[in-house]
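Novice: Pasting a structure below so you can have a look.
The values are calculated or read from the model by the stated rules, or taken from the named source; none is laboratory data. This is a predicted model, so every value here is computed, not measured. Cβ: placed from backbone, ideal geometry, glycine included. Neighbour counts: every protein chain shown.
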Amino acid sequence: MVLLSKPTTEQFTYVRNNNMSTTFSSSIPLVDLSKPDAKNLIVKACEDFGFFKVINHGIPMEAISQLESEAFKFFSLPLTEKEKAGPANPFGYGNKKIGLNGDVGWVEYLLLTTNEEHNFKLYGRDIEKFRCLLKDYKCAMRNMACKILDLMAEGLKIQPKNVFSKLVMDKESDSIFRVNHYPACPELAINGKNLIGFGEHTDPQIISLLRSNNTSGFQISLRDGTWISVPPDHSSFFINVGDSLQVMTNGRFKSVRHRVLANGINPRLSMIYFGGPPLSEKIAPLPSLMKGKESLYKEFTWFEYKNSTYGSRLADNRLGNYERI
Ligand code: GA4
């Protein structure tokens, strides 16, 4: 078992253990990608939640499990070994510290670029398998992101169909892959508190594809600010609308605020693909979605937004700086 150092209340954030946040929600939108109505359900889910669950996604369970098991192997290495792949600045192994501005969580992770192969400076023998699996998985995620983004455009009845997906398909696309490991925190099982694994935030990119093992902890915030727990499902993917997609749809789709609570009994492992545009891409509402309406946002490049993101705290409302008053 991997142990992080004992959490202390001074260092970590606890949230109130109220009924809403611990009750699993059955209202999470579900999209069957093999069904013809997928595109309309996706649009509705992005408008109402900025979030939905996907089944019949076509990614073989075998590919997912193999990568998961290599990731668990990595996280079970001694800390000194893992740290050889760190710090996550911007890519590599990170432990408890998230970002550059003082956020912490009950989590260790690998942050990887999707463009070039990350050069792990660690355990010689087995790394080749991990590297190969990562490469194939990242490629499968990009294809799935594109499929979903094309369905969004179709559902919104805008042309060309690849208006969103072309940004993620671009060879300069600034996409990221993240593997988060939330070790079980036995103290929680005893005191019934909720310890923050990854603090609340929205994803700055266009779209995020999350897959986790069957350990609970993931929560989303509804429009009225209540938190609901998303029942884990290791065979499905969970899709988040990112800030950039909120802007491109002029606020029709909303990026979803989400967080992860640590688990007292089981470790949680999640793998997330963040589909982002090229750094030079101008992010602004698509004219086809404006229909005579004013733009709600000042235009920015992904480079500018990403820079301001990395200067912010996790929970900040980053789009606030770009809203037209
Ligand atoms: C949230 C989404 C992605 O995980 C991430 C995160 C990034 C990081 O972990 O370095 C950030 C966070 C994320 C938003 C605000 C800043 C930057 C941590 C943080 C405090 C990789 C990303 O792109 O933005």
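Novice: Among the listed residues 208, 235, which satisfies the condition of being surrounded by fewer than 23 Cβ atoms within 10 Å (Cβ to Cβ) and either modelled with pLDDT of 95 or more or within 16 Å of the ligand (Cβ to nearest atom) (or both)?
Specialist: 235
Novice: What number of residues within the range 170-205 are away from the ligand (no atom under 12 Å from the Cβ) and either in contact (Cβ under 8 Å) with a residue 60 or more places away in the chain or within 25 Å of residue 254 (Cα to Cα) (or both)?
Specialist: 19
Novice: Enumerate the pairs (first residue in the range 305-320 and closer than 21 Å to residue 12 by Cα; second residue anywhere and of a type in the set (Gly, Ala, Ser) and more than 6 Å from the ligand (Cβ to nearest atom)) with beta-carbon separation below 8 Å, excluding pairs fewer than 6 apart on the same chain, so at least 6 apart or on different chains.
Specialist: 313/102; 314/199; 315/199
Novice: Also, quick follow-up: Scan the range 62-90 and report the pairs whose first residue is under 21 Å from residue 213 (Cβ atoms) and whose second residue is within 16 Å of the ligand (Cβ to nearest atom) and polar (S, T, N, Q), with Cβ atoms within less than 8 Å and a gap of 6+ or a chain change.
Specialist: 82/95
Novice: If you don't mind, there's one more thing I want to ask. Hey, can you tell me all the residues within the range 217-260 that are aliphatic (A, V, I, L, M) and closer than 25 Å to residue 150 by Cα? Spell out the reasoning first.
Specialist: Applying the first criterion (aliphatic (A, V, I, L, M)) to the range 217-260 yields 220, 222, 228, 230, 239, 241, 245, 247-248, 256, 260.
Selection gives 220, 239, 241, 245, 247, 248, 256.
Novice: A further question follows. Taking the residues in the range 291-314 that are more than 9 Å from the ligand (Cβ to nearest atom) and among the charged types (D, E, K, R) as candidates, determine which candidate is surrounded by the fewest Cβ atoms within 10 Å (Cβ to Cβ).
Specialist: Of the residues in the range 291-314, the ones more than 9 Å from the ligand (Cβ to nearest atom) are 291-305, 307-308.
Next, only the ones that are among the charged types (D, E, K, R) stay: 291, 293-294, 298-299, 304.
On the way: 291: 7, 293: 11, 294: 9, 298: 11, 299: 12, 304: 15.
Among residues in the range 291-314 that are more than 9 Å from the ligand (Cβ to nearest atom) and among the charged types (D, E, K, R), the one surrounded by the fewest Cβ atoms within 10 Å (Cβ to Cβ) is 291.
Novice: Identify the residue in the range 86-112 that is more than 8 Å from the ligand (Cβ to nearest atom) and in contact with a helix residue (DSSP H, G or I) (Cβ under 8 Å, 6 or more places away or on another chain) and, among all such residues, is nearest to residue 273 (Cα to Cα).
Specialist: 112
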